[in-house]
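Taken together, the values in this text are just the output of simple stated rules run on the coordinates, not laboratory data. The structure displayed is predicted, hence computed values, not measured ones. Backbone-built Cβ (ideal geometry, glycine too); neighbour counts: all protein chains shown.
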Amino acid sequence: MALTSLPIETLLSENENHCCEGCGPDNICVKIISIADLPTRFGDFQIVAFENNKDGKEHIAIVRGDVTDGEDIPVRLHSECLTGDALGSLRCDCRDQLEAALTAIGQEEKGIVLYLRQEGRGIGLGNKIRAYALQDYGMDTVEANLALGFRDDERDYAVAAHMLQSLKVQSVQLMTNNPRKLDELTRYGVRISGRIPHILPPNPHNEFYLRTKAEKSGHLIDLKDFKGKVHLSEQHDRPVVKGMTEQQIKAPYE
Ligand SMILES: [Zn+2]
Ligand SMILES: [Zn+2]
């Protein structure tokens, strides 16, 4: 079946003067400002730019097919991570998570990756680098994590929910390993029809997750090529890498 495409004119005109009831400094509202084709190495997408009324942050939806009025649309929420996504940092697995989501959705008829620009909104890139530096100087992850502890999760879900509503998505299958996320989105009015486990392909970049899992659950993995450092939790999901045992997947992740 040929790939469909978003009704650009309709979405743009609907969003031109959009402001939700009660939208203002305390009530975040986003609107679509532009839509363009985005061919990628993961498949053909359309990219939808959103602007919000609060701090002018520009969020992005990477959309496969015409998702408007769609049911059971596969959706992945991704939080911006400049160091991981763009630079290939090994301190986190954000890029692996993003690539796995785009690869999976790039093979579907319809789907969405919401790319949320939260790095610069919550604590910001600078504070993240500070937390990395604290770790380099021997601070433990808990202390270093304090520098990352200001993130306002609720607002992220509110923005994500609004973006899905702007795209007129009727129900979603959330790509996540975290069942709690379903409740959060539901709270903001998103209809969840299912959950798709988000499984990363194993590679040297996410091997440190396997190690963490292994240590927590008493399994041993050959780590001779391991290069990553202790992880600061950036994406909300616990990562699941293909090849993990059930026990490793269930092991508490810190
Ligand atoms: Zn709104
Ligand atoms: Zn990251």
- Query: If you put +1 on each Lys and Arg Cβ and -1 on each Asp and Glu Cβ, how big is the dipole of segment 14-138 around its Cα centre, in Debye rounded to 20?
  - Reply: 680
- Pull out a ≥ b ≥ c, the square roots of the eigenvalues of the alpha-carbon gyration tensor of segment 1-54, then state rounded if a/c is under 1.5, prolate if not and a/b is larger than b/c, and oblate in the remaining case. prolate
- Taking segment 177-206, which trypsin sites (Lys or Arg not before Pro) meet the DSSP loop condition and have no more than 13 other C-beta atoms within 10 Å? R191
- Just in segment 1-101: which trypsin sites (Lys or Arg not before Pro) are loop by DSSP and have at most 13 other Cβ atoms within 10 Å? R41
